[in-house]
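Here the structure comes first, spelled out in structure tokens, and everything after it is commentary.
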Amino acid sequence: MTDSPADGSDPDIELDDDAMRRFPVPDYDDLPADLRERVAAETDRAGFTPNVFSAFAYKPSHFRAFFAYHDALVEDTALDREEVEMIVVAVSGVNHCYYCNVAHGALARIYAKDPRLADQLVANYRTADVSDERMAMLDVAVKLTERPAEVGEDDIALLEDAGYSEEAIWDIAAVTAFFNLSNRMAMFADMRPNDEFHAMGR
């Protein structure tokens, strides 16, 4: 990435107007400095600007809160990163969230080193070739997504019997809850996944 000019803008970055279809996507140069810095870092890391960053830039205070919690979920967790992404894709599959199915499907393929896993999770997570322990994790995540009022002590016991620690059980619920929020915002705003995600990890 080239050096940014003195005003903090970066001529190499342009937010995709089609990142979401129901709200306007702001211009990169109009963003607060901390948002430009985060978007530039993500663009440098991925080689393109993931559209979720372009979309949430619509409201900077929400951008900061959303990505701060996201970062905590993936950086301070008792779960393996592939387990995090498996939960995201299973939850996004039952919610029919196009953006998250595609974007996190790519991450699930990469972290699990399995080009088929995301497709299995999206179509029907029960068809996924995963261990019994991870299937228990997915069962609880999907139950929390579809029937939260029915979640109870038996679900905690199921996860304990599968070998998950108390912290990991909390993290399963936290990831599930956060990505239900993410799914609903992505669907409401009609966020569109970048073309690059479709081919990643294949």
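Descriptive notes on the structure:
- Members of the stretch 18-55 found to be in a helix (DSSP H, G or I), closer than 20 Å to Y99 by Cβ and of a type in the set (D, E), listed by number: E42
- Number of positions in the stretch 62-106 that are of a type outside the set (D, E), on the phi < 0 side of the Ramachandran plot and not in a helix (DSSP H, G or I): 4
- Filter pass, E196 being farther than 16 Å from E83 by Cβ, touching a residue at least 40 places away in the same chain (Cβ under 8 Å) and not in a loop (DSSP other than H, G, I, E, B): yes
- Summed over the stretch 138-176, the residues that are in contact (Cβ under 8 Å) with a residue 60 or more places away in the chain and under 20 Å from G93 (Cα atoms) give a count of 5.
- Subset tally (residues that are open to solvent by less than 10 Å² (accessible area, probe 1.4 Å) and hydroxyl-bearing (S, T, Y)) for the stretch 67-98: 1
- For the stretch 50-92, a residue qualifies if it is under 30 Å from A136 (Cβ atoms), in contact (Cβ under 8 Å) with a residue 40 or more places away in the chain and either touching a strand residue (DSSP E or B) at 6+ places or on another chain (Cβ under 6 Å) or among the β-branched types (V, I, T) (or both), and the qualifying residues are V52, T77, V84, I87, V88, V91.
- In summary, A41 fulfils each of the numbered conditions (1) at pLDDT below 95; (2) within 20 Å of the chain's Cα centre (by Cα) with the single exception of condition (1).
- Scanning the stretch 127-137 for residues that are assigned to a helix (DSSP H, G or I), touching a residue at least 12 places away in the same chain (Cβ under 8 Å) and open to solvent by 20 Å² or more (accessible area, probe 1.4 Å) yields D132, E133, R134.
- Under the condition of being open to solvent by 20 Å² or more (accessible area, probe 1.4 Å) and outside any helix (DSSP H, G or I), the residues counted in the stretch 163-193 number 5.
- The residue of the stretch 107-126 that is surrounded by the fewest Cβ atoms within 10 Å (Cβ to Cβ), among those that are assigned to a helix (DSSP H, G or I) and of a type in the set (K, R), is R126.
- Test: residue in the stretch 5-12 that is modelled with pLDDT of 95 or more and among the small types (G, A, S): no
The values are calculated or read from the model by the stated rules, or taken from the named source; none is laboratory data. The structure displayed is predicted, hence computed values, not measured ones. In this analysis, Cβ positions are derived from the backbone assuming ideal geometry, glycine residues included, and neighbour counts consider all displayed protein chains. Side chains included, ligands, DNA and RNA excluded: accessible areas come from the protein's heavy atoms. Shrake-Rupley method; radii C 1.70, N 1.55, O 1.52, S 1.80 Å.
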